[in-house]
Structures are given as structure tokens and as C-alpha cells.
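The values are calculated or read from the model by the stated rules, or taken from the named source; none is laboratory data. All values reported here derive from a predicted model rather than from experimental measurement. Here Cβ is always computed from backbone atoms with ideal geometry, including for glycine, and neighbour counts include all displayed protein chains.
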Amino acid sequence: MSAPTSIDADLLERGGVRLVVDGPRATITLDRPDVLNAQTPSTWSALRAIGAQLDPDVRVVVVRGSGRAFSAGLDRRMFGGTPVEGEPGLAEITARGPEDGAALIAEFQEGFRWLRDPERVTIAAVRGHAIGAGFQLALACDFRVAAEDVQFCMAETSLGLVPDLGGTLPLVRLVGYARAAEICLTGRRVHADEAHRIGLANTVVPGHDLDTAVDHLVAQLLRPMPGAVRETLGLLAHAADGPTEQEQLAAERSAQVRRLAELTALAARSGS
């Protein structure tokens, strides 16, 4: 079990990210426990590199935090004060102007976007704080397994900002517009019981059972054939976008035809 050699180890270290690949499973750990796994642009660069270079045989990705929190969000040094060498703060994004600033944010977003790709199933193992960018990272995953001490919070508006790492779409898909708006605009904490009740968390378990629960879910997700998982996730994502019934039926037909063709090809290869 190791990090793939093709991914820059220095980039992972700068981003405070650890990667372990064990056959079809990859585990990404935010590893800055002294600051509750606060994120920097280097964190997002490291995540983007993992998404671009992860072995195609990896079928399930687990994202977790080291220590007692998932992630407390953006490293507060990004807001100004003491600069962080090599890290573009909010002032630099503004100084680049609208187009270049948006292009830089687009690079940041890529660190999270690939986690929604149906090529792989992704699981956020969440304990303690999942605030701001931490909440959005958890939302980027297909599943959220939460410990009983979890606190989800979209804190951006309380800082005069907006969620810009891709978190608004999955949040609305999960809990609906009105509840998503209330969670974002009030910046309140959503605790485990409510998170489970409204669909933010798939499962809530005692903290000491979090790793075991995630391992069990990974084992279940590895049972179906990869192609069936990929196509099903794609269909569900399409359905969440609000297609007409006929559009969704057409998408299902196309997916099934692709699956049948792939299964036929596999049978032919195994019989030859």
C-alpha cells in the first residue's frame, strides 16, 4: 500500500494531503490535524493531481481527515495578515481581475469536481468539523458516513463570500432549495441527527465505529461490476438534473445497451 509514484510527493506534502492506494481502494487523508485540516490552494492542487493521475483500477475513493476533524475549511491566513509563501490569498484573486481570478478559482474547483465523476465511487468519512471548504469537500463525494460528533456548516456567507468549490449543486440536490438556502445564509451548524434526517449523511455511527463503517461500505460497493456502477451513477446524476420522463428513459436505454455490449465482449474474451 503506497502513494503512486507518479504524483508529486512534494505537492502532496505542501497541500497537507496523504494518499494510500490498496488495490481498488484509495484513501485520501487531509493531514494537518494541528489546524483541524484547514485547506489551502495547495490542498486543492494536490487533490486535483490525485484526480488526474489516480490509477484507473481504483474503484472507490475514501476522503477523510486526520485527528478529530474532517476539515475546518479555508486556512484563515488566506484572508490576509501573515501571507503564506506560494499560496494565493483572496487579495491576489481580486488583484488578478475578473477573468484571471475566475480562471484561478476554476483550478481550485477541479480539486473537488473529479470526486463526482461516475468513474469512481467516493465516500467522505466525516468526524468533527466539516466547515466551509470542508463541507463542500464532503458534499463532492457520493456518500457521507458521519460520526456522531459531526458539525456541517457552510460558513462562507458569514465571511462575506459565497461557496465556490462546487458545493451548491450537491447541497440543493440533497436537501432541496429552501433548506439549502437556509443552511447557507444562516451559517448554522448541522449536527449528526439532523444531517441524517435531511439526507446530508447516509449513515451516522459512533466515532469509534467510523472506520469500520466505511470499510464495510467499501466492501459492499466493490461487489458490483465496475461498468454497472459507473453507468448507474451516471443515470442517477442525470435524473437529479430534472430531465423529462422520456429523457430519463432514453438515458436508461442507452446505458443498458452499452452494458450489454460490454458484457457480451467480456463473455467472448473469456470464452476464447
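When you check residue 268 against the structure, is it among the hydrophobic types (A, V, I, L, M, F, W, C), under 19 Å from the mean Cα position of the chain (by Cα) and either in the same structural domain as residue 58 (by TED's automatic domain parsing) or more than 29 Å from residue 27 (Cα to Cα) (or both), yes or no?
Values: among the hydrophobic types (A, V, I, L, M, F, W, C): yes; under 19 Å from the mean Cα position of the chain (by Cα): no; either in the same structural domain as residue 58 (by TED's automatic domain parsing) or more than 29 Å from residue 27 (Cα to Cα) (or both): yes.
The answer is no for residue 268.
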Scan of region 14-52 for residues that are more than 17 Å from residue 211 (Cβ to Cβ), of a type in the set (D, E, K, R) and modelled with pLDDT of 95 or more, ordered by number: 32, 34, 48
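Every residue, every condition in (1) crowded, with 18+ Cβ neighbours inside 10 Å; (2) at pLDDT 95 or above; (3) not assigned by TED's automatic domain parsing to the domain that holds residue 62, yes or no:
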site: 182; (1), (2), (3): no, yes, no
site: 213; (1), (2), (3): yes, yes, no
site: 216; (1), (2), (3): no, yes, no
site: 238; (1), (2), (3): no, no, yes
Number of the condition not met by residue 201 [criteria: (1) in contact (Cβ under 8 Å) with a residue 24 or more places away in the chain; (2) surrounded by 16 or more Cβ atoms within 10 Å (Cβ to Cβ); (3) assigned to a helix (DSSP H, G or I)]: (3)
The one condition in (1) surrounded by fewer than 19 Cβ atoms within 10 Å (Cβ to Cβ); (2) closer than 23 Å to residue 189 by Cβ; (3) of a type outside the set (Gly, Ala, Ser) that residue 18 fails to fulfil: (2)
All positions within region 143-178 that are modelled with pLDDT of 95 or more, crowded, with 22+ Cβ neighbours inside 10 Å and of a type in the set (D, E, K, R): 144
